[in-house]
Amino acid sequence: MKILLLGKNGQVGQELLGALTTSEVIALGRDEADLGDQASVTQALRHHSPDIIINAAAYTAVDKAESDEAAAMQVNATAVGWMADYARRHNVLLVHYSTDYVFDGLKKQAYTEDDTTHPQSVYGRSKRAGEQAIIDSGCQALIFRTSWVYSVHGGNFVKTMIRLAKERDTVSIVTDQIGAPTSARHIADITAQAISAWAAGRLRAGIYHLTAAGETSWHGLATHVVRRMLARMDEGRASIAPLKLQLENIKPTTTENYPLPAKRPKNSRLDTGTLSAALNVRMPHWSVDVDAVVDRLIEDDT
Ligand code: NDP
C-alpha cells in the first residue's frame, strides 16, 4: 500500500513517519503540497497516485484563526474537500484528524461520535467544515477527533510548561477546562493500527474519537509536568538547573480570568469506547506518555 502523508513536519506528521513502518510512505511538507493552492495539492495527488492519503496538515493556530478566518477555512475545510473529492474519484482511503473544538463543551459526560457538534471558535468551525466536506464527498475516510496534542516536536503546552518551570517563579493556569492530553505518538500508533484494521475489513469508515484515557485540567497537566521534572532531578536523571517554579506556585485560575481570543470548550472529554472496541486496544492513561515526553525533553536538554 502506498501512503501519501501530507503535513509531515507537524507533531502528528513527525510521529506518523515512525509509526507507518509496513507501508511505502511518501511524506510531503508545505513546500511540496501547499493546502492553500489547489494545483499544488492535486498535482501531488496525481503524481504520487497513493492508495491512502493521510492528512496531518492543518491550520492549528487557534487564537490567530479568530482574525484569520479565510486562511483557517482554506486549509482546514476547502483543501480537505479537494482531497476528499480525489479520494472518492480514485477509490482511495482518506485519513484525517479533527478536534474536540467541534463541540461546545457544555455536555456533562464525555462526547461520543454521535453527539451534535456546535463549535464555538473559527478553528472549531473550520475543522467541522472539513469533516462535513469529507462526509459530503462520499469518500472512504477515517476521521479521528483528538484533543490537547503534544509531542517532543513542535510547540505545545507540555514544552511550554517545561520552559516556564525554568524561567518563572509563578504561573496561573486554568482549572475549569477538562480533557485528555494526547501524545502525537499515541495518535500515530493508533492510526497505523486503524489503517491495518480497515484494510483487513475489521474497521468501518467513519468518525472516531481518539485520545488517551483519563482526564485532567490544564492546571492538573501543568502540575504533573513540573512534578515529573522534580522527580527526575531528584533521581539524578536530569542535570538541569534547579527549577524557579515550585509546585505551590502553579496557581489555579479560571477561563474567565484568563481571556483569550478563541472560546475553548470547558468539557473536552471524548469517549473513545467505539475505537477501543473496534481495534481491541486499551487507550493508555494520559500521564504515561506525558511522563515519557517530559523525560525525553529534559534528558535532551542535559
Ligand atoms: P501541527 O500544528 O503540529 O502541524 C500542522 C502542520 O500543518 C504543520 O507542519 C504545518 O506546516 C502544516 N500546514 C499548515 N498550513 C499548511 C498549508 N497551507 N499547506 C501545507 N501544510 C500546512 O498540528 P498537529 O500535528 O498538532 O495536529 C494534527 C491534527 O490534529 C490537525 O488536524 C489538528 O487540527 C488536530 N488536532 C490538534 C490538536 C492540538 O492540540 N495540536 C488538538 C486536536 C486536534 P508548517 O510546518 O510548514 O507550518
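The values are calculated or read from the model by the stated rules, or taken from the named source; none is laboratory data. Given the structure is predicted, the values throughout are model-derived calculations rather than measurements. Cβ placement follows ideal geometry from the backbone for every residue including glycine, while neighbour counts extend to all protein chains displayed. Surface areas here come from the heavy atoms of the whole protein model, side chains and all, with no ligands, DNA or RNA. Shrake-Rupley method; radii C 1.70, N 1.55, O 1.52, S 1.80 Å.
Of all the criteria given as (1) open to solvent by less than 30 Å² (accessible area, probe 1.4 Å); (2) under 23 Å from the mean Cα position of the chain (by Cα), the one not satisfied by G36 is (1).
Scanning segment 187-215 for residues that are buried (at least 20 other Cβ atoms within 10 Å of the Cβ) and in contact with a Pro (Cβ under 7 Å, 6 or more places away or on another chain) yields a total of 1. The residue of segment 67-79 that is nearest to the ligand (Cβ to nearest atom), among those that are in contact with a Leu (Cβ under 9 Å, 6 or more places away or on another chain) and open to solvent by 10 Å² or more (accessible area, probe 1.4 Å), is V75. Kindly provide the set of residues from segment 80-104 that are open to solvent by 10 Å² or more (accessible area, probe 1.4 Å) and in contact (Cβ under 8 Å) with a residue 60 or more places away in the chain, ordered by number. Y97, Y101, D104, listed by residue number.
Let's see how each residue does on (1) among the small types (G, A, S); (2) open to solvent by 30 Å² or more (accessible area, probe 1.4 Å); (3) farther than 21 Å from L94 by Cβ; (4) more than 10 Å from the ligand (Cβ to nearest atom):
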{"residue": "Q120", "(1), (2), (3), (4)": "no, yes, yes, yes"}
{"residue": "S126", "(1), (2), (3), (4)": "yes, no, no, no"}
{"residue": "I135", "(1), (2), (3), (4)": "no, yes, no, yes"}
{"residue": "V152", "(1), (2), (3), (4)": "no, no, yes, yes"}
{"residue": "T160", "(1), (2), (3), (4)": "no, yes, yes, yes"}
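Checking each residue in segment 17-62 for being farther than 20 Å from T191 by Cβ and away from the ligand (no atom under 15 Å from the Cβ) picks out R46, H47, S49. Considering L297, L230, L279, the condition of being over 20 Å from T160 (Cα atoms) and either crowded, with 16+ Cβ neighbours inside 10 Å or in contact with a Gly (Cβ under 7 Å, 6 or more places away or on another chain) (or both) is satisfied by L279 alone. Cβ-Cβ contacts under 6 Å between residues 6 or more apart (or on different chains), taken from a first residue in segment 2-26 that is free of Cβ contacts under 8 Å to residues at least 40 places away in the same chain and open to solvent by less than 30 Å² (accessible area, probe 1.4 Å) to a second residue that is of a type outside the set (K, R) and within 7 Å of the ligand (Cβ to nearest atom), are absent. For segment 166-179, the set of residues classified as among the small types (G, A, S) and either open to solvent by 10 Å² or more (accessible area, probe 1.4 Å) or farther than 30 Å from D189 by Cα (or both) consists of S172 only.
Applying a threshold of 7 Å to beta carbon distances and a minimum spacing of six or more residues, or different chains, the list of pairs starting in segment 153-173 at a residue that is more than 19 Å from D291 (Cβ to Cβ) and ending at one that is more than 16 Å from the ligand (Cβ to nearest atom) and aromatic (F, W, Y) reads S172/Y258.
Scanning segment 235-287 for residues that are over 18 Å from the mean Cα position of the chain (by Cα), of a type in the set (A, V, I, L, M, F, W, C), closer than 30 Å to I207 by Cα and in a loop (DSSP other than H, G, I, E, B) yields a total of 2.
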